[in-house]
Amino acid sequence: MKRARRATGVAVALLAAVAGAGAWRAGPSLLATRRPAMPTFADVRAGYRASDARLLDRHGEVLHEQRIDRFGRRLEWTPIAAVAPSLVRAVIASEDRRFASHGGVDAIALAASVVQAARDGAARRGASTIAMQLASLVDPAERGAPAGARRGALAKWRQMRAAWAIERTWSKDEILEAYLNLVAFRGELSGIAAAAHLLLGKAPHALSEEEAVVLAASIRAPNAGRAALARRAADLASRLDGGGAVDPTAIAEAAERASDPARPNRPRIALAPHAAARLLGAATGAGAGGGGRGDRATTAVSTLDASVQRAASDALERNLRALADRNVHDGAAIALDNRTGEVLAWVGAAGALASARHVDGVLAHRQAGSTLKPFLYGVAFDERRLTAASLVEDLPLALPVSGGLYRPRNYDEGYRGLVSARSALAGSLNVPAVRVLELVGVERLARVLRALGFAAVDRPGEHYGPALALGAADVSLAELANAYRALANGGVASPLRWTASGDEPPAQRVLSAEAAFVVGDVLSDRESRAATFGLENPLATRFWAAVKTGTSKDMRDNWCVGFSTRYTVGVWVGNASGAPMHDVSGVSGAAPAWLAILSFLHRDAPDDRPTAPAGLVRRAVAFDDRAEPARAEWFLAGTEPPGGAVAVAPTRPRIAAPVAGSVFAIDPDIPDANQRVPFAADGAPRALRWRLDGRDAGPAAPFLWPPAAGRHRLELVDARGGAVDEVAFEVRPAGSAPSPARPSSRRPPRPPGP
């Protein structure tokens, strides 16, 4: 025994002398007696960085994994208490069996290694302790040195000094914990979390005895084949206490799984790729061992709910499969908590079905179709220009704009005469909406839309013109859903929230609570929208909900956005390329997915209904001439009709053609007899007559007038000569301007739909 101790002392002294001589030749600074500056356990733990960024839902479930380090694979840091004791025992037996008794350097193992090297010319057994191996993983000087400088007696001496420094300030459990999280197990896998999860499909605490010895044996032989790994693991098991109870067959099976090159490449969880791109970003930084931003940089906790995210994804994919024969390939969905603005689901594309799965359809800007109409009517109600019972004309309309005449048409190409604002909004009629915009003013609507968060509505109202009433502005699904959430919150708008941390987002009132309530009541009215959509459709829910659909021009985009008292859901379907869909209406496009998502959110929720604000009154109303059935209606206090009677104003005769401001040009290539300007009047009784430039032009019946160059004024006059309506127009002589485009034989584009 004394001889062995003397041999050990001699071996250590010889190694120190050799290392010292090498250090002297390398430079006096390496002989300094100052202890190496080693990081603390807290430093190493804080600097650890997983190789996969992870997005978690509000309950801690993984929604998305994203590889951010291509040089190695590390998962989350695992505390020593969460590691199976069998693995700890196996690693100590394999790497450092006197770990508990030495102070960083195992002198006995070191002496045996030196003696063996002197006798055989090379050491067949290592003498590195766990602390020495850990030092090479966390020592900045070691990790930054070239590979050749990390071998030999001098490098061993540096590791020994670093191990002693670690042992002086770290506990044994801290040394083991850091080592198990940083050491390489197999291939590119470092750390027990990656080894256990990716090789064996187990959590570190759930490893069996056989799996533990296989992983412990992998540290010494990270590239060993299946048979070699099984032999090493069986040999290690035989040296453990109770090793006879280990099943050799189970070891072989575990070794086969651990050596399967395909296992570490398991598919990553990708339930919310677009949300992950926003919240995780391009995370970069230092690898394990220090210098990075810590694992907080690679894990983001979102407000998303994994169950809602799955339901929304599934509903959208089912919807797109049903629309596949109508040239619909893309879609997006979002679900919001009304009170907090937290995003519960964010589906930017329909997975493998999408034609452009990397495009985030929740953020992409597209034409809004009819989905902006509720805000237009909300402004009209708020400013007391209309009530829900007010009658609006649904008759042909032509408005002069900078490019010519704007002639809005309803989706079904028909007209209904006089309709109430409730019926016009619920039925998504286009012409009444444009007339309401004339009352409100396009600039006023543009300001409201900007206040609601529509970033692309960034130009003066005159840029959009009357088409803004029908959704000419570009919007994103996120903006649209959040604006509808403002209606659900009584006209108060606030930004969306992705994380629960931080201050409450700022809020601002955009519409009065009374106006917002009336709009929501209209959008929840099944009977009022039945004329357009029918009674049985995906907009009819088993609980209270207000909903609006929209289809942009030429069927390029279809929207469905609506809210209950607790949630707001928005869905878009179409094509990322902008290609038109085929025969997709408001209820056949996005609505089925909207219904499925909102129904999932309300699977256990009661049927709550909004409470009317104090500034509203409910009155029974009746319409003259039975324009609409009698009903109970909501009014902002002071706007209710006296006695509950809504009079149908007689239709005022007016000139339908030509439209005020029209400019005609005589075409020299067309015979004069074939060039005419139509005169026509709406609602004109026989007693009315035409008066052109102050001269009588005959009864007010439709006729074709041979044009004469110059500026003209056409009047519709009564029997006493009083002007009922008038328009000004111009006829330019031949050659004064390019000839106007001849009418096309093609059918005009389909107007924005419901």
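Nothing in this text is a laboratory measurement; each read-out follows from the coordinates by a stated rule. Only a predicted model underlies this, so the values are computations on that prediction, with no experimental measurement involved. Don't worry about glycine lacking a Cβ; one is built from the backbone with ideal geometry, like all the others, and counts go over all protein chains shown.
Toward the positive end of the charge dipole of the chain, with +1 on the Cβ of Lys and Arg and -1 on the Cβ of Asp and Glu, the farthest Cα among Trp572, Leu386, Ala206 is that of Ala206. Simple point charges give the picture: +1 on the Cβ of Lys and Arg, -1 on the Cβ of Asp and Glu, and for region 314-645 a dipole about the Cα centre of about 60 debye. Pairwise Cα separations in region 314-645 fall into 10 Å bins from 0 onward with the following percentages, short to long: 6, 27, 37, 23, 6, 1, 0. Working value for region 588-682: equivalent-ellipsoid semi-axes of 49, 28, 12 Å, each the square root of 5 times a Cα gyration tensor eigenvalue, largest first. Over the residues of the chain, the helix contribution to mean residue ellipticity at 222 nm works out to -10000 deg cm²/dmol, using -39500 (n - 2.57) for each DSSP H run of at least 4. Entry note: region 183-268 has Rg to Rh equal to 0.94, where both radii use alpha-carbon atoms and Rh is the Kirkwood radius.
What's the angle, to the nearest 10 degrees (0 to 90), between helix 107-120's Cα axis and the longest principal axis of the chain? For helix 107-120, the angle is close to 70 degrees. Modelled spin-label separation between His463 and Phe703, with each label point placed 7 Å from Cα along the Cα-to-Cβ direction: 4.7 nm. A Cα-only calculation for region 497-560 places Rg and Dmax at 16.3, 47 Å. Calculated on the alpha-carbon coordinates, the convex hull of the chain measures out at 235 cubic angstrom per residue. Counting only DSSP beta bridges with both residues in the chain, the antiparallel share comes to about 90 percent.
Taking a straight line from the alpha carbon of Lys373, these lysines sit under 25 Å away, with near neighbours fewer than eight places off in the same chain left out: Lys548, Lys553. Looking only at GluC sites (Glu not before Pro) in DSSP loops with at most 13 other Cβ atoms within 10 Å, what is the longest site-free stretch of the chain? By the stated rule (loop sites, at most 13 other Cβ atoms within 10 Å), 1-412. Divide the volume of the convex hull around the Cα atoms of region 338-483 by the residue count and you get 142 Å³ per residue.
Taking the Cα centre of the chain as origin and assigning +1 to Lys and Arg Cβ atoms and -1 to Asp and Glu Cβ atoms, the resulting dipole is close to 3240 debye. Our note on the geometry: Cα centres of region 299-354 and region 664-741, 56 Å apart.
Show which aspartates and glutamates lie in cross-link reach of Lys172 when reach means a straight Cα distance below 15 angstrom and same-chain residues fewer than eight apart are skipped. Output for Lys172: Glu95, Asp96, Asp106.
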